[in-house]
Amino acid sequence: MTTLILNLGQQLSAPAANNAPPQRARTYLLWLSALAALAAFFWLTRDSLKPGWIAGVSVAAATAIGALPVAFARRMPEKLASGLMMAGGGIMATVTLSGVLPEAFAGMQKIVPSASASLLAIATITALGAFGFARWQAGAQSLAALKGAEAERFGLLLFALAMTLQNLPEGIAAGVSMAGSQRGDALTFGISLQDIPEGFAVATALLRAGASPWKAALGGMASGLVELAGALLGAAALSISAALLPALLALAAGAMLWVIGREMGPRLWQRPSAAQACFSAGIVVAVLFNFLPG
């Protein structure tokens, strides 16, 4: 995803048109209304969607941490960004394969007593999760690939839509795992690690599109709210029916496996020594999570 964001940022090099801003009083009123609505929603769902809030705030905060430096400096060391992404991938891979998928299989066996049928169901749903995320990502890439005058005119809108398409499934996976998996905290931590360089990439693309450093940083922070919404959606789905847990966990696992293969796989081949070391460090961190109280 970081590669997609950086490529998009390079395409949007022309400053966006400076339309007349709304009146300041109206802007303040809209912000106050949005904050009031968010506070009311948080209060009403503080108990039923608590795991979703924990996961969503974690990944959104990680995105904000990555975006904030754009307000002061315009670049993040490439080795640091790559290392964080690879470590996050190691955590995600370990937790998905050793925790989320076995829990999904165990839950499916309570619904479908046959072990072979349960295994086939989980494998099929996992594949659907990977395929669904791949198609979701392809839609974002097709929008981000627009060039020329069309991209210059609608660049920020295309950017926001691309980020929505990219971040929403990851947020849902974090919310589902936090609400239904014993090691959802580890998976959320892995997603958060890879969100730090992604938040920086989002803010950098906005900066190249013509936004000021502070506005670019705020835009990068705001992109993490999409994952917060996704995490709440995932937790809400489980709060409606616990019977959905095995299928949702398998879907989340498929999405995470696609992210790992698509984003981290090429880096393991291109820069094997450093990438493998960071990926292995993520595996170690995930194993250490298993010794923490569940």
Leaving out ligands, DNA and RNA, and with a 1.4 Å probe, what % of the accessible surface on the stretch 58-128 is carbon or sulfur?
72
Additional length obtainable on full extension of the chain from Ala242 to Glu78, 0.36 nm per residue less Cα span:
54.8 nm
So the carbon and sulfur contribution to the accessible area of the stretch 221-294, 1.4 Å probe, in percent, is 76
Assuming R0 = 22 Å, what is the FRET efficiency of Ser280 and Thr124, from their Cβ-Cβ distance, to the nearest 0.05?
0.10
Multiplying the sequence separation of Arg262 and Ser116 by 0.36 nm and subtracting their Cα-Cα distance, what value in nm do you get?
49.7 nm
Go ahead and run the numbers for FRET between Lys215 and Leu32, Cβ-Cβ distance against an R0 of 22 Å, rounding to 0.05.
0.65
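The values are calculated or read from the model by the stated rules, or taken from the named source; none is laboratory data. As the structure is a prediction and not an experimental result, all values here were calculated from the model. Glycine also receives a Cβ, built like all others from the backbone with ideal geometry; neighbour counts cover every protein chain displayed. Please note that ligands, DNA and RNA were not included when accessible areas were found on the heavy atoms of the full protein model with its side chains. Shrake-Rupley method; radii C 1.70, N 1.55, O 1.52, S 1.80 Å.
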